[in-house]
Each structure stands twice: as structure tokens, then as C-alpha cells.
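The values are calculated or read from the model by the stated rules, or taken from the named source; none is laboratory data. Small disclaimer: the values here were computed from a predicted structure and weren't measured. Neighbour counts run over all protein chains shown; Cβ positions are idealised from the backbone, glycine included.
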Amino acid sequence: MSTRRKPPSGLGPRTADRHELYQTAVQRPTVMIGFIEELFEMVRGREPMVLREDFCGTAFLSATWVRSLPGRRAVGVDNDQDVLAWAERMNRQSLGGEAEQLRLVCDDVMAVDAPADVGVSLNFSHWVYHERKQLLAYLKHAHACIEPGGLFVCDAFGGPASMQPCLDERPFGGFKYQWEQVSYDPITGNIRCAIHFKFRNGGVMKNAFEYDWRMWTLPEIAELLTEAGFGEIGVYFESEDGFIADIEEVEYEAWVAYVVALRD
């Protein structure tokens with residue numbers, strides 16, 4: 001089964017949809033769901049049924065979650081009304097009779113108490129919190145929203161290559177995805193990044209997405225999760241072969257990791 005949508009046809013900076021391009025180039029919802037299912041089976045010995053996706057954007061993961069198993073439900077939370085309108089039109093409505101299984105909420109994630117078996121904050125969205133007390137408050141809220149025995153998943157990236165300006169490019173059919181690390185401040189940990197899309201006709205969708213983040217390290221995230229009340233914590237690194245826990249197999253220059261925290 002393909003883990004990505006097919007790239008849109010007839011692409012150009014004036015005709016392409018930046019959200020569709022993002023879903024094609026960045027997201028792999030079926031892979032992430034398989035990862036969550038495997039983890040949850042180890043923890044509770046059954047299938048997780050309810051997903052809470054914080055900072056959900058287009059809610060692509062949430063919609064795929066609903067499709068993945070009969071009876072599954074998801075709540076997607078984001079404070080951007082425009083992107084949620086896109087999510088409603090392109091992802092929720094496409095569920096047909098299962099659309100009622102996906103609830104989209106436009107609000108601050110800290111103001112939404114929807115409970116779930118699994119909570120996620122992906123695509124480094126929680127890095128919008130630049131101060132320790134802010135991230136801790138969010139993780140405490142995430143802990144309170146997850147049912148006992150459930151789990152929380154968030155991601156991070158790092159390595160020497162992540163601490164300097166660079167431009168990484170990958171082809172996807174009729175376009176190229178460009179990830180730019182614009183700047184990094186080693187004193188504050190603040191990092192500015194951007195996504196661009198370059199098309200076959202030579203056009204470029206510059207700064208389709210821009211980010212102003214605090215780069216949190218894995219030890220910092222683990223400490224904050226523990227302080228927030230979570231139990232056992234594991235770290236899995238992204239690789240071409242899936243998710244690995246063996247640190248000796250990790251590419252130190254640049255890596256993406258998923259931190260999994262259990263709710264006792």
C-alpha cells in the first residue's frame with residue numbers, strides 16, 4: 001500500500017495547492033499508524049481506537065486513522081481556521097459516512113480536553129513553545145488528555161547538520177520539495193526553517209511554510225515528559241527500514257526521532 005498521495009498534476013506556483021504538496025512530500029500517515037499500533041499492542045495488548053492529533057493542520061493523519069479500522073475515532077485540534085477549512089473540505093468530507101468519526105476543533109490545543117487512547121504532536125509542532133515552562137504546560141495537558149494505559153508520541157530532529165544553514169532537496173514527481181534551515185542560534189536554541197516547492201516549469205513556491213521554533217534536545221524532552229507525569233519513555237529513530245531503537249545504527253549527522261511516552 002502506498003504511504004503517500006500521488007503528486008498533483010499540472011503543477012506550478014500559481015496552480016499548486018501548498019497543503020496537497022505538503023501531504024505528498026512530508027506525511028506518511030499509514031506508516032505512523034502502523035508504528036502506533038505496534039507500540040500500543042505491546043502496552044495494552046489491543047488496538048487503540050481514539051486518536052488525538054494536536055497541531056493537526058490538514059488532519060491527514062486523523063482522517064487516515066479513521067479509515068484504518070472500523071469504529072476508530074479521531075480529534076484534530078489546530079488554531080488555524082483556514083487550514084482546518086481545507087481539512088474539512090479535502091480530508092474530513094472525503095470520509096463519507098465515516099466523517100462523523102473525525103472531529104475538527106479550531107482552538108488552542110491547551111483549551112481542548114478531548115480524551116484519547118493515543119495523543120500525538122508531530123512535524124515538530126510543539127517546538128512553537130520556546131520556553132521550558134510553556135512546553136511543560138503543554139505536556140502536562142497532553143498527559144491529562146490521554147487515557148490510563150495509553151501513550152503520547154512527539155518528534156524531534158537534531159545532529160550537527162541541523163545546527164547550520166542548509167537546503168535539502170527531494171524530488172516528488174512533478175515537483176521538488178526543499179527544506180531550508182535558515183538560521184540557528186546556539187545560545188537560545190531558536191531555529192528558523194522554511195519549505196519551498198520547485199516545479200518542472202522552473203517556477204518556485206517560495207516560503208510555502210515558515211517556522212520559528214525552539215530546537216529541543218532529546219534529553220530535555222524526556223525530562224519534561226517525566227516531569228509532566230508520564231511513565232516509561234522510549235526513543236525511536238527514523239530510517240529507510242522503519243523505526244529503530246539501536247543508537248549505533250543512527251546517522252549522527254542528521255536524524256529524526258520519535259519520543260514515545262506511556263501514560264500509567
Report summary line: Among (1) more than 22 Å from Val31 (Cβ to Cβ); (2) free of Cβ contacts under 8 Å to residues at least 24 places away in the same chain, Val204 falls short only on (2)
Query raised in the report: Which of the strands (runs of 3 or more DSSP E) contained wholly in the range 153-254 include at least 2 residues that are closer than 30 Å to Asp17 by Cα, not assigned by TED's automatic domain parsing to the domain that holds Leu39 and not charged (D, E, K, R)?
Result: 166-172, 175-184, 190-199, 204-214
Query raised in the report: Tally time: how many residues in the range 219-256 are modelled with pLDDT of 95 or more, aliphatic (A, V, I, L, M) and surrounded by fewer than 12 Cβ atoms within 10 Å (Cβ to Cβ)?
Result: 0
Report summary line: Within the range 140-171, the count of residues that are hydrophobic (A, V, I, L, M, F, W, C), over 18 Å from the mean Cα position of the chain (by Cα) and within 25 Å of Ile244 (Cα to Cα) comes to 2
Query raised in the report: Where in the range 12-112 are the helices (runs of 4 or more DSSP H), entirely inside, with at least 2 residues that are at pLDDT below 95?
Result: 29-44
**Report entry** Hits in the range 116-149 - residues which are touching a Gly at 6+ places or on another chain (Cβ under 9 Å) and over 28 Å from Glu20 (Cβ atoms)
**Finding:** Asp117, His130, Leu139, Lys140, Ala142, His143, Ala144, Cys145, Ile146
